Amino acid sequence: MSDNAKSAKIMEELEDKILAALSDAEDVMELLATDDLIDILADSKTTGDEINVRRVESEITEKEIDVTRESFRQVAYRASLLFFCIVDLNIIDPMYQYSLQWFQRLFASSVKDSTQTEDVTERIAILNEYQTLALYQNVCRSLFERHKLLFSLLLCTKILFGDNKIDQDEWRFFLAGAGGDVEALTNPTDWLDDLEWIQVHKQLVVMDTKLPAFAGILEYFINFHKKFRKIFDSQMAHEEPLPGEWNTKLNSMQKMLLLKAIRPDKITAALQNYICEQIGKQYIEPPTFRLSACYKDSSNITPLIFVLSSGSDPVASFMKLCAESDMSNRYDTISLGQGQAKKAEAKLENGRVKGWWILLQNCHLCVSWLPKLEALVENLNDQNHMDYRIWMTSMPSPAFPVSVLQNSVKMTMEPPSGLKSNLM
């Protein structure tokens, strides 16, 4: 109950007492013969004065709360940017599904687990960084390796767009390149062949005419093309400084546009440097996959899904976790396929009652049963055994129930590639 409501209730009770005293008295002489009414009126005045003081204090406090709340709007704005980074990931792969409820739980845990401080400005910075990194780490474990840098770039540019630090026309040019036909001039260089010159010239013409930051770049390139040869020949072209005033005149995004015109093969490396510069190196280094951490994020109503790729097999990791979690004698597995639906339902019911872990393998091979699985997952509740877990494996499939994907803990499983991944 608010302070205003409490005050109103107290005043109402005092008014009732006054009315009761007046109605109980038979005449004026009886009222004057006792001090009851006088005492009630005195209490009423004292209480009224106290209420007025409290009301003033309450109004001041409410204004302070409003100011503080308004200052945290930056955190809410960052959260909205982050959410819209993940809503369209399903365009890339049908298994990349994330619900608003899942995001809200992640945001709430970020507020709870992040470092506390009385300084509002510092607290806002901590919250923004913590929730951004938490989202990156949670989403990365459900993405295939080839999509992780793409997600990092999406995260980075979404934040920069929110801060008005990226020009829309430059971003559109970065994504789409030069369109239309441009009549190429005679090749002025001795280090670009004619086909390469046509491509470079076309990019430079559009940049020179459509993007204000690059005004004069075509003429400069033609007159001083030898200065650009070092970039063209370098093994680390993405780290080479631009010639002349262009190195200080252009920002990092604009430098990438020029690099894309001359050495498009180095854009991936340039993007990694760009992300590191703008939001930090931690956003291009996906966290090492740990099944135990994924399990901690699950519950008896939250399934865990292994999203498979060719050559991956999560059963060994699952069995190892069973041993570590003292579940070696309390798990069951079934490989789904034709005629396995009833057996799977029986195992799920047994696990729900006894608190077992049930691993449903190859869910993509039993598409006709997936609606039933969706209904079983939607009916999960806290009355199930606390140790009960549903584990699933599936190749990417557009037929997999979206509601199950959105409210589950997803993990991609790929054979390790590269020296670091194999060592880990």
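The values are calculated or read from the model by the stated rules, or taken from the named source; none is laboratory data. It should be emphasised that the depicted structure is a prediction, and the values quoted were computed from it without experimental measurement. Cβ coordinates were reconstructed from backbone atoms using ideal geometry, including for glycine residues, and neighbour counts include every protein chain displayed.
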Being assigned by TED's automatic domain parsing to the domain that holds ILE305 and in contact (Cβ under 8 Å) with a residue 40 or more places away in the chain is true for just one of LEU360, LEU380. Which residue is that?
LEU380
Whether any residue in the range 327-334 is among the basic types (Lys, Arg), surrounded by 12 or more Cβ atoms within 10 Å (Cβ to Cβ) and part of a loop (DSSP other than H, G, I, E, B) is what I want to check.
yes
Can you find even one residue in the range 78-88 that is among the hydrophobic types (A, V, I, L, M, F, W, C), outside the structural domain of SER397 (by TED's automatic domain parsing) and either exposed (fewer than 10 other Cβ atoms within 10 Å of the Cβ) or at pLDDT below 75 (or both)?
no
Qualifying residue in the range 128-142 (condition: basic (Lys, Arg) and surrounded by fewer than 12 Cβ atoms within 10 Å (Cβ to Cβ)):
no
Can you tell me which residue within the range 214-235, out of those that are in contact with a helix residue (DSSP H, G or I) (Cβ under 8 Å, 6 or more places away or on another chain), among the aliphatic types (A, V, I, L, M) and part of a helix (DSSP H, G or I), is nearest to LYS202 (Cα to Cα)?
LEU218
Answer yes or no as to whether ILE166 is assigned to a loop (DSSP other than H, G, I, E, B), out of contact with any His (no Cβ under 9 Å at 6 or more places or on another chain) and modelled with pLDDT of 90 or more.
yes
Among the residues of the range 349-356, are any among the basic types (Lys, Arg), outside the structural domain of ARG141 (by TED's automatic domain parsing) and out of contact with any Gly (no Cβ under 9 Å at 6 or more places or on another chain)?
yes
Out of the residues in the range 266-306 that are out of contact with any Lys or Arg (no Cβ under 6 Å at 6 or more places or on another chain) and in a strand (DSSP E or B), state the one that is nearest to THR412 (Cα to Cα).
PHE306
Taking the range 87-114, which residues are more than 24 Å from MET413 (Cβ to Cβ) and in contact (Cβ under 8 Å) with a residue 12 or more places away in the chain?
LEU100, GLN101, PHE107, SER109, SER110, VAL111, ASP113, SER114
